[in-house]
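The values are calculated or read from the model by the stated rules, or taken from the named source; none is laboratory data. Remember, predicted model here, so these are calculated numbers, not experimental data. Neighbour counts run over all protein chains shown; Cβ positions are idealised from the backbone, glycine included.
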Amino acid sequence: MNNYRKIYLSYHPELKGKIPKGYIIHHIDGNRKNNDISNLKMMTKLEHDRLHNCGKKRIFTEEWKNNMSKAHLGKEPHNKGKKTNEETKIKISEANKGKIPWNKGKKGIYSEETLKKISDTLRGNKNAANTTKPDSI
Ligand SMILES: [Zn+2]
């Protein structure tokens, strides 16, 4: 076990047979069976973790992306359909709501008096056109 450590240590007598605390022997080519001294590198555990986590992260990210896009592809039509239905429902109900208050509002805004005034004005304009002329003359 940990043959590569022994190999590394045998090439680094200054370490006195001990990998310093917090340090680790890393296989440069990622092949743990390749215990050639040229493939062994001592680095801090932090560096090593970062190195390996980066690789994992990249793979993970791609996997994650794929999963996400798959999930998205699966979800989107589902949500879109739901949304469309909900939106359509809302729009319909809003349109229905809108139609009634719009008419109601009109009736409300233009009270019967106002409507009379309006219709009077419309009529009155015609009449006015007829009546003002003789009046002004
Ligand atoms: Zn490593």
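Quick notes on this structure:
- Scanning segment 29-39 for residues that are at pLDDT 95 or above and either under 40 Å from the mean Cα position of the chain (by Cα) or small (G, A, S) (or both) yields one hit, S38.
- Selected residue (criterion: nearest to the ligand (Cβ to nearest atom)) from residues of segment 24-51 that are in contact with a Leu (Cβ under 9 Å, 6 or more places away or on another chain) and outside any loop (DSSP other than H, G, I, E, B): H26
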